[in-house]
Structures are given as C-alpha cells and as structure tokens.
Amino acid sequence: MFSESGILHEIWSNGKARFGMIVFIIFAIIGIFGHFIYPYSPKATFVIWQPPTFAHVFGTDYEGHDVLSQFLYGTGVSLYVGASVALISVAIGTMVGMLSGYYGGIVDNIFMRFVDILLIMPTFPLLVILAAYLPPTNNTTILILSLLSWPFMSRVIRSQVLTLKERPFIKAAVISGMKGFTIIRKEILDHLMPLIIINAVYLLVGAIVAQAGLAFFGLGDLTSINWGTMLYYAQSEDAIVYAAWWWILPPGIAIAIIGIGANIFGNGITEIFGKRSGGA
Amino acid sequence: MTVEAVDTNTYELNDDRSIVVIDKATVIFKSGHVRNYALDSVSLKIRRGEAVGIVGESGSGKTTLGLAVLKILRLNAGRIFFDGMDISRLRSKKLALFRSKTQMIFQDPYSSLNPYNTIFESVATPVFSNISRLESELQRKVTKREIRSMVSETLEKVGLSPGSAFLDVYPRKLSGGQRQRVAVARALIMHPKLVVADEPTSMLDVSITAQVANLLKSLQKEMDFSLMYISHELSTSRYISNRIAVMCLGRVVELGTSEDITKSPMHPYTDILIRSMPEVSSSGINDSIAKIDFNAYNGGIKGCVFAHSCPRKTEICTSEKPLLQEMGNDHEVACFHPIIA
C-alpha cells in the first residue's frame, strides 16, 4: 500500500519519528505488562508518606499505597482511555470528513452544520457537566471525550479531501468509471494517512491529559487508578505540603514525556510524508 | 461566393458519422456577480476515428470543452451527445458504459498519476472499474494474472518495454515522458472510442514531446479511436489532427482541416495566432499576438470576441455576433470579414 520498504521502515529511519515510536513503545510495554506485574498490590497499604526506599522505589502515598505499583497499574488505564478515544475519534472523524469533503452538497451541509454545533460548544465546561451527570466510569470518560474530539478531526480531513479531489488523478479515476467509495478508499485514503496518524497520536495524548484534568476536578471514575487520579489524590491530600515529590513526579513526568514524544513523532511524520509527496 | 450561416434547425444531432455532437454548449463560471462564459454556445462534431485539434490561448475554454464532453463539468445550457445519447441524462449503467468508452490524458503527468499507486494499479483502474461488464462479455471470471498481462501488453504498446518490469514500480521512479506514456496506457487499455488529450505534451521536453505526439498519432490510427487533441500550440496540433477548431474566449471562431487552418486561415485571430508562433529559423519573435481584454468579457460579448484587437474590424463586429459559416471544403469561420486569399 505504501512503498517497497513499508511505512514502519520509513518511520524507523526518521530520527524524530523513531524517538516518538520508542516513547510510545516504552509506555505501551509499561501499560500492558505493568497492569499485571507490579511489586505490591496497588491497593495494599504500608507506612504512609514514605520517601523512596529500596522496598518502595517511588515511596508511598497518604494511605501508604506503593506509588510504583500504582504507577505501573495506572499507566495501562490511562493508555487504554487515550487509545480508545483516539481510535473512536479517528474512525468517526475520518469517515465523516471524507464523505463530507468528497460528496459535498447536501451531505456536506448536514454533517458540517452538526460539526459546527459540536465545535462551538466550549469543550471543557461541557466535559465537566457531562462527567458530573453520567455514571463515573472510565468508559463514560471515553465516550464523552470521543464525542467531543471527532468534530475537529473531521474538519481537518474534510479540508484535505477538498483539495485532493481537484487533483487530476482523481479526475482520471472518475473518467475511468471508478465509483465514489472506491475512489475514497483507493485514491484518497493513502494521502490522508499522515494526517490520520498525527491526529491519532495527538488525540491519544489529548485524551490522557483531558482525563487527568477531569480527575483533577474530581470527575470521572475516582476509584480507578490512573495518572489522573494519582495526581488528583496527590493534590487533595496535600502532597505538596508533605513535600511528597515522589508521589507527584511519576504521573506528572509521564504525561509530559508522552506529550513531548507525540509532538516529536508528529514532526517526524510530517517530514516523512512531506518528502514523499514532494518526490511524487 | 454565397455565405450562409449554419442553420441550427438543420444541425443534425443524430449524425451517424459523428461520435460526439456538441450542440450550443455553454458553461458559465460565476465569481461574485461576474459571469464568465467559459464556453459560449459552442457547436462542434467529432467524427468517428477522427482527430480534432482544439487550439486556443489560455482562457479560451478549450479544457472546459474537453471536461464538458467527458461529463466532468455540467453545462449551463446546450447539449452534448455521445454515440447518439445525451450525456447529461446518463445514469448508473449507461453512465458506466459511457465512462468505459471515454478517456482523458492530462497535461501534467506528475499529478495525473496517484503517487501511492503502482503503475499496475493506475493503468488497471479502468479495467477494475468495468470488471463486471468485461466478465459478462467474456462469460467467465477474469483473473488478476490476466489483468496483469493485459496491463503489461498495453505498456509495451505505448513503448514501455518490457511491460512487466514497470508493473510494480511507483510513479516517482519514472521520468516525465515515461509517466505520460503510463497515462496514455491507462487511457487506452479498455479500447475507448473517444480520448480527450489535454495538452499532453506541454509539460514535456521538446524531444519527448515529439515521441509522445508520434505515439498518440500512431495509436490513434491503429486503435481507431476519436481524439480530441487540446493544445495551445498549432504545430503539434496540425501534425496530429485531421481537423482543427480554433477557440477564442469560449467560442469556436474557425473550424477546418489542419491544412486549411494553418495554410490559409480565414479568421484574423487564427492568422495572428499563426504569425505569432516563434520560428526557430527567424531571429526574433513576432509579439503582435492579440491582446485580449478579459475585462471586456463579462456577461457575454455582444459582437465578435476578437473585435477590439482585430485589424479588419468594422461597426458590425461589435454589434452583432458572427456565426460559423461554411466557406467550402469543410472550412467554417465566424467572421464578418474573413480573409479570403
């Protein structure tokens, strides 16, 4: 579908994209394995407010939970929320964007007026209100975040499709008798891949941060252990007053690193595909 | 010499000799409240197996005419018939049949091939799009292997041999000339009845221009399709086409055999167009080419489109619209004061 060497090979040979990939792979490994392998049960309690020791590498929190265990366990939950939101938003956003852009006319009007309604609503307050009224589970959080993320994605995809469909090779496909859906799938989708990949990565990170943000306000599932709830409890139980840096840093730095990783990855992907279409 | 206007009532729409009959085709592009007539009541016939050159400057509407014939653009007025069918009425099955019989070769071989598709995928597009009809004609399944050999044969026909070596290559590995050959192969693989070539050589080097022009000419004879050769350049157009239609600001101003148009043009615009062509042998370029005032062209010109810079202009030229008139030997000209040698 892409080239002789494949898209993964190309990502790997670009320094920036490779860095981003490595960051994601490391977090994915922590997320997948950390969910099952951790030194202590994340709910087990020990001596409270304990700074890092050999027994508790990241120390313990206000109830004496082992922070490392919580972090390992919670990474998976945060990534699960992020990846689910990215997947749902990309799927809906790409579909709506492609149909809207390619067919135009009434299809475009209906979709885009609906998107307008979703886009003009102030996202975070709406998020807070929805989260406050819906049952507080992680899946609710995923649903709310997806609902509010796909409209922007569909706009980005639509505008790209609008310029793509004027290109001669699309006209050539129409003249050759290719049907609309086949044109979208065979002639247009490949060109959208960089946008889709970059947006998926940003959506993933955005969802992790948004979930942490919600949790920070005490919304969402506070019994779930993830980066967001870790920070929420650290804040509400005055970790700063106790100078418990070991409790705040792991989730905080993790969010920062994955954010930086996503940005650098995005830049790398832009470079790869810029080079590709430039040489086209 | 008696001069009689083409009577629109006797303009035969179901002409068996013609593959395409264009009847007063009008396309208007609106920008704000300005109406630009990209095509202003153009009537033209393309006969079966004939190559017609459409010549004109940028903005003369020649590409618009090509796109309209292929039902890529909608007409604002007038009709176009393909094989006796009004193309604006074609739907589903008949439209698919029409699409299988018409093809286009684009100006820019760099953007007319999808960079993400292999040469095989690009050239086989018309085959895959018409696979069900092809299978019902042959009354059997068509395998991918067969399509591959079909594509490779067609590639060899357009001078890319061995064809099999090009199948799985991406367009970025090919030169401009090779890409244009691929585009020609894609256009011809289903044996179309009509091919619209929109300045297929204008973006190629001079030596490659000749190759591609020769290729088109020989394939047109061999495969017997009608060719609409759109170009701003008279020399290649004359070489390829049997007849030439000269367009100016959305109208056909002169129509005749390639010989007549280039040797004895009757419309002053054609005359100036020919004289302004740079010749390698001469020391300078005659830049007395018509200065066309596009601003004057808003809402349709009342008189002749060329009136304001015409050396033979008289009062009638700005007040009345000249119609194409038969001048003998298939030569038609839309001028009140044609040059008669």
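When chain B is treated as a Gaussian network with alpha carbon springs shorter than 10 Å, the biggest mean-square fluctuation among B:VAL123, B:VAL212, B:VAL142 belongs to B:VAL142. Residues B:HIS191, B:HIS337, B:HIS33, B:HIS331, arranged from fewest to most other Cβ atoms within 10 angstrom of their Cβ, appear as B:HIS33, B:HIS191, B:HIS337, B:HIS331. Taking a point 7 Å from the Cα of B:LYS93 along the Cα-to-Cβ direction, the residues of region A:164-205 with backbone N closer than 19 Å to it are A:177-179.
A cut-off of 5 Å between modelled amide H atoms, ignoring neighbours fewer than 5 places along the same chain, links B:CYS335 with B:GLN325. A Förster distance of 41 Å, applied to the separation of the beta-carbon atoms of B:GLU315 and A:GLU166, puts the FRET efficiency at 0.40. Residue by residue, region B:99-107 carries 3J(HN,Hα) couplings of 4, 6, 9, 10, 8, 9, 10, 8, 5 Hz when phi is fed to the Karplus relation 6.51 cos²θ - 1.76 cosθ + 1.60 (θ = phi - 60°); x denotes Gly or Pro. Mean per-residue shielding of peptide B:65-73 is 1, counting Cβ atoms of other chains within 10 Å of each Cβ.
Which angle between 0 and 90 degrees, to the nearest 10, do you get for helix B:144-157 versus the longest principal axis of chain B when only C-alpha atoms count? Computed tilt is about 50 degrees. Between amide H atoms placed 1.01 Å from N, distances below 5 Å from B:MET228 occur with B:VAL52, B:VAL195, B:VAL196, B:ALA197, all of them 5 or more places distant or on a separate chain.
Comparing B:GLY250, B:GLY159, B:GLY66 in a Gaussian network model of chain B (Cα springs below 10 Å), the most mobile by mean-square fluctuation is B:GLY159. Close amide H contacts of B:ARG47 (hydrogens built in the peptide plane, cut-off under 5 Å, sequence separation of 5 or more or a different chain): B:ILE19. Taking each DSSP H run with n ≥ 4 as -39500 (n - 2.57) and averaging over every residue of chain A yields -24500 deg cm²/dmol at 222 nm. Beyond 21 Å in Cα-Cα separation lie the following of the pairs A:LYS179/B:LYS94; A:LYS165/B:LYS71; B:LYS93/B:LYS217; B:LYS141/B:LYS173; B:LYS93/B:LYS221: B:LYS93/B:LYS217; B:LYS141/B:LYS173; B:LYS93/B:LYS221. Across the options A:ILE120, A:ALA55, B:LEU97, the greatest Cα extent toward the positive end of the charge dipole of the protein assembly as shown (unit charges at beta carbon of Lys, Arg, Asp, Glu) belongs to B:LEU97. Partners of A:LYS43 within straight-line reach, counting aspartates and glutamates whose Cα lies under 19 Å from its Cα and excluding those fewer than 8 residues away in the same chain: A:ASP61, A:GLU63, A:ASP66, A:ASP221, A:GLU237. Its relative contact order, with pairs defined as Cα atoms under 8 Å and 6+ residues apart, puts chain A at 27 percent. Comparing B:SER276, B:PHE128, B:CYS304 along the charge dipole axis of chain B, the residue lying farthest to the positive side is B:PHE128, per the Cβ-charge model.
Per-residue shielding of B:103-114, expressed as the average number of other chain Cβ atoms within 10 Å of the residue Cβ, stands at 5.
Considered as an equivalent ellipsoid built on the Cα gyration tensor, region B:144-236 has semi-axes of 22, 17, 10 Å, the largest given first. Think of each Lys and Arg Cβ as +1 and each Asp and Glu Cβ as -1; about the Cα centre, that makes the dipole of the protein assembly as shown roughly 1000 debye.
Rounded to the nearest 20, the Cβ-based charge dipole of chain B about its Cα centre (Lys and Arg +1, Asp and Glu -1) stands at 1380 debye. Exposure proxy ranking for A:GLU271, B:GLU50, B:GLU320, based on other Cβ atoms within 10 angstrom of each Cβ and starting from the fewest, stands as B:GLU320, A:GLU271, B:GLU50.
Using R0 = 22 Å, the C-beta based FRET efficiency linking A:PHE181 and B:ARG148 works out to 0.35.
Exactly which chymotrypsin sites (Phe, Trp or Tyr not before Pro) in region A:70-165 are in a DSSP loop and have at most 13 other Cβ atoms within 10 Å?
Numbers: sites: A:PHE71, A:TYR73, A:TYR80, A:TYR102, A:TYR103, A:PHE111, A:PHE114, A:TYR133, A:PHE152; in loops: none.
In loop regions of region A:70-165 (DSSP not H, G, I, E or B), there are no sparsely surrounded chymotrypsin sites (Phe, Trp or Tyr not before Pro).
Here the Karplus curve 6.51 cos²θ - 1.76 cosθ + 1.60, taken at θ = phi - 60°, turns the phi angles of region B:185-194 into couplings of 4, 4, 5, 9, 4, 9, 6, x, 8, 9 Hz, with x standing for Gly and Pro. Of the DSSP H helices in chain A, those with a Cα length along their own long axis of 24 Å or more and a mean Kyte-Doolittle hydropathy reaching -1.0 comprise A:15-34, A:67-103, A:138-164, A:189-216, A:245-278.
Taking the Cα centre of region A:97-200 as reference, the dipole from Cβ charges on Lys and Arg (+1) and Asp and Glu (-1) amounts to some 260 debye.
A simple rule links phi to the HN-Hα coupling: the Karplus curve 6.51 cos²θ - 1.76 cosθ + 1.60 with θ = phi - 60°, which for region A:37-46 gives 10, 8, x, 10, 5, x, 9, 5, 10, 10 Hz, with x for Gly and Pro.
For region A:1-141, just say rounded, prolate or oblate: build the C-alpha gyration tensor, square-root its eigenvalues into a ≥ b ≥ c, call rounded for a/c under 1.5, and beyond that prolate if a/b exceeds b/c, oblate if not. Intermediate results must be reported in sequence, preceding the final value.
Details: a/c = 3.65, a/b = 1.53, b/c = 2.38.
Taking the square roots of the gyration eigenvalues as a ≥ b ≥ c, region A:1-141 is oblate.
Considering every Cα-Cα pair within region A:190-280, what fraction, in whole percent, is farther apart than 17 Å? Spell out each step's value before the answer.
Working: 2361 of 4095 pairs.
When all Cα pairs of region A:190-280 are counted, 58 percent exceed 17 Å.
Using every pair of alpha-carbon atoms in region B:25-111, split the distances into 5 Å bins beginning at 0 and state the percent of pairs per bin, rounded to integers. Each 5 Å bin holds this share of Cα pairs: 3, 11, 22, 24, 20, 13, 6, 1, 0. Over region B:301-341, calculate the relative contact order: mean separation of alpha carbon pairs under 8 Å at least 6 apart, over the residue count, as a percent. Result for region B:301-341 is 34 percent. Taking other C-beta atoms within 10 Å as the exposure proxy, A:THR163, B:THR209, A:THR45 rank A:THR163, A:THR45, B:THR209 from fewest upward.
At a Förster distance of 41 Å, what's the computed FRET efficiency of A:PHE114 paired with B:LYS30, Cβ-Cβ distance as r, to 0.05? Rounded to the nearest 0.05, the efficiency is 0.90.
Distance between the 7 Å Cα→Cβ label points at A:ILE26 and B:GLN139: 6.8 nm.
Its alpha carbons considered, region B:73-225 gives a radius of gyration followed by a Dmax of 16.0, 47 Å. Taken along its principal axes, the alpha carbon cloud of chain B reaches lengths of 67, 50, 43 Å, longest axis first.
If you run the Gaussian network model on chain B, springs between alpha carbon atoms under 10 Å, then out of B:PRO322, B:PRO268, B:PRO162 the most flexible one is B:PRO162.
Only the coordinates and a few stated rules stand behind these numbers; no lab work does. Model, not experiment: these values are computed from the prediction. Note that each Cβ is placed from the backbone with ideal geometry, even for glycine, and that neighbours are counted across all protein chains shown.
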